[in-house]
1. I'm trying to understand the selection: among the residues of region 220-234, which are within 16 Å of the ligand (Cβ to nearest atom), at negative phi and either in a loop (DSSP other than H, G, I, E, B) or in contact with a helix residue (DSSP H, G or I) (Cβ under 6 Å, 6 or more places away or on another chain) (or both)?
2. Which one is farthest from the ligand (Cβ to nearest atom) among residues in region 257-268 that are surrounded by fewer than 16 Cβ atoms within 10 Å (Cβ to Cβ) and not basic (Lys, Arg)?
3. For the subset of region 203-219 comprising residues that are assigned to a helix (DSSP H, G or I) and buried (at least 18 other Cβ atoms within 10 Å of the Cβ), which member is nearest to the ligand (Cβ to nearest atom)?
4. Listed residues ALA289, ALA333; which is within 16 Å of the ligand (Cβ to nearest atom) and assigned to a helix (DSSP H, G or I)?
5. Could you identify the single residue in PRO257, PRO230, PRO237 that is within 27 Å of ALA204 (Cα to Cα) and over 13 Å from the mean Cα position of the chain (by Cα)?
6. How many residues are touching a Pro at 6+ places or on another chain (Cβ under 9 Å) and within 11 Å of the ligand (Cβ to nearest atom) if we restrict to region 150-202?
7. Which residue pairs have Cβ atoms under 6 Å apart, sit 6 or more places apart or on different chains, and have a first residue in region 267-286 that is in the same structural domain as LEU344 (by TED's automatic domain parsing) and modelled with pLDDT of 95 or more and a second that is within 16 Å of the ligand (Cβ to nearest atom) and of a type in the set (Lys, Arg)?
8. Taking the stated definitions as given, is ILE208 without any contact (Cβ under 8 Å) to a residue 40 or more places away in the chain, closer than 29 Å to GLU286 by Cα and more than 17 Å from the chain's Cα centre (by Cα)?
Amino acid sequence: MHEMLSTRENLTRYFRYLVLKYDRDKYPRFEGSYQFNLTEGGLCHAYSVTVFRGEAQFAEGVHPCPDLTIESPVDVWLAVSGGRRSGTVAYLLGLYRIRGRLRELRKFSQIFGKKFTPLVMRESEEGDHRRSKPTAAERRRFTRALVIAGSSRGLKGYTGFYLDHFVRGMRDAGGEVEVIDLSRSDLAVAPCRGCFRCWLRDGAPCVIEDDGGWIIRRINESPLVVYALPLYADSAPAKVKALLDRQFINLRPFFVPAGRLTRHPLRHPATRSLALLAVCGFPEAEHFAPLVQQFKDFAHNGCYDFAAAILRPGGQYFYEDPTCIGPLRKIAAALEEAGRELMLRGRVSRGLLKAIAGDYGISRVVWREQSNMYWYLKSGGGKEAEGHAVE
Ligand SMILES: Cc1cc2nc3c(=O)[nH]c(=O)nc-3n(C[C@H](O)[C@H](O)[C@H](O)COP(=O)(O)O)c2cc1C
């Protein structure tokens with residue numbers, strides 16, 4: 001259990017960081033001393049900061065002859081230091097006082113303004129993200145792809161049925177397609193432990209020695225990765241989520257601007273695309289919204305080009321209802337064509353996505369009635385219960 005730090009502990013932490021921010025490179029000859037009398041709840045916390053012979057140090061207590069003394073409520077000074085409040089405005093409003101020359105105060109933020117931007121970050125900034133977006137030409141054709149089949153029921157489930165047609169199309173386009181069935185009992189992908197070792201020791205392998213390591217290497221080598229999965233609780237099945245989390249190892253522990261957002265630079269910048277093929281139980285495509293958003297965000301943060309979200313709501317219904325064989329054939333054909341398109345053009349056309357996700361005129365009322373009957377029979381509710389092809 002983490003206890004909240006006391007004001008004194010927090011101020012000690014503040015001054016420890018402050019002296020680290022002394023910009024020796026810019027101000028190598030600067031020498032001076034600052035006294036801070038910071039008050040809270042009737043208590044005064046006195047700290048002094050000195051810069052002498054290129055070293056900045058802090059100490060609790062009172063400096064005998066500071067160049068500048070700052071007297072401020074703790075919260076005001078921390079807000080000014082944290083950039084949440086203008087130091088000038090707070091000073092003019094009389095929220096804190098100084099003894100000494102105003103010039104010394106102005107210098108303060110520069111002297112202690114060292115930027116902790118590693119060289120590599122200054123070089124790349126957003127650059128590697130931009131670099132890793134495929135150009136239109138690169139996007140046109142894939143000769144290799146990796147499919148992560150994420151259903152807990154493996155390739156024999158409903159997702160597997162739809163995926164099979166999609167992969168057939170991908171292969172038909174002449175591409176080399178590897179399918180990794182995550183459900184295999186001999187493939188272990190444990191959840192990320194959040195130890196940050198991969199961040200703290202640059203390039204260190206994951207502490208978890210399981211199949212996640214080689215699968216992620218395979219993912220990193222693939223110009224196109226397709227995640228095929230059933231919707232579970234509006235999200236991805238746990239093993240897929242574990243695999244997404246474990247790809248944290250691909251990121252570096254720095255923060256760079258990315259459009260209007262912030263993200264991490266990639267450890268191995270590359271040009272790659274990602275597509276999602278998802279199947280769900282409910283008949284409405286709206287249920288996919290959180291999942292699609294999740295994968296779009298994952299693609300954005302991992303610097304993938306998000307190539308397509310291929311969605312089949314009510315996937316089980318179309319497979320199980322004998323009256324739906326016609327639409328099911330159309331869906332299967334559209335999936336094959338979509339697989340071909342994705343490999344050849346790096347995109348799936350809107351018409352095909354519609355054909356794959358369409359309701360084929362089945363009303364929700366009929367859909368519910370039929371589905372209820374299916375589950376009633378399946379759970380032994382009627383003598384005429386049948387076996388089903390997909391168990
Ligand atoms: C644990 C679990 C959670 C599910 N959550 C949802 C859900 O949130 N929304 C939905 O429409 N279907 C949900 N489903 C239904 C599956 O997405 C659907 O049955 C799918 O066709 C299963 O594919 P599979 O045979 O490849 O496993 C869930 C199924 C399971 C087993």
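The values are calculated or read from the model by the stated rules, or taken from the named source; none is laboratory data. Keep in mind it's a predicted model, so treat the numbers as computed, not measured. Here the Cβ positions follow ideal geometry from the backbone for every residue, glycine too, while neighbour counts run over all protein chains shown.
1. ALA228, LEU229, PRO230, LEU231
2. Here the answer is PRO257.
3. Kept after step one, since they are assigned to a helix (DSSP H, G or I), are these residues of region 203-219: 212-219.
So of that shortlist, the ones also buried (at least 18 other Cβ atoms within 10 Å of the Cβ) come out as 212, 215-216, 219.
On the way: GLY212: 21, ILE215: 19, ILE216: 23, ILE219: 21 Å.
So, considering only residues that are assigned to a helix (DSSP H, G or I) and buried (at least 18 other Cβ atoms within 10 Å of the Cβ), the one nearest to the ligand (Cβ to nearest atom) is ILE215.
4. ALA289
5. Criteria check complete, one pass: PRO257.
6. Final tally of qualifying residues: 8.
7. From residues that are in the same structural domain as LEU344 (by TED's automatic domain parsing) and modelled with pLDDT of 95 or more, the pairs are VAL279/ARG312.
8. No.
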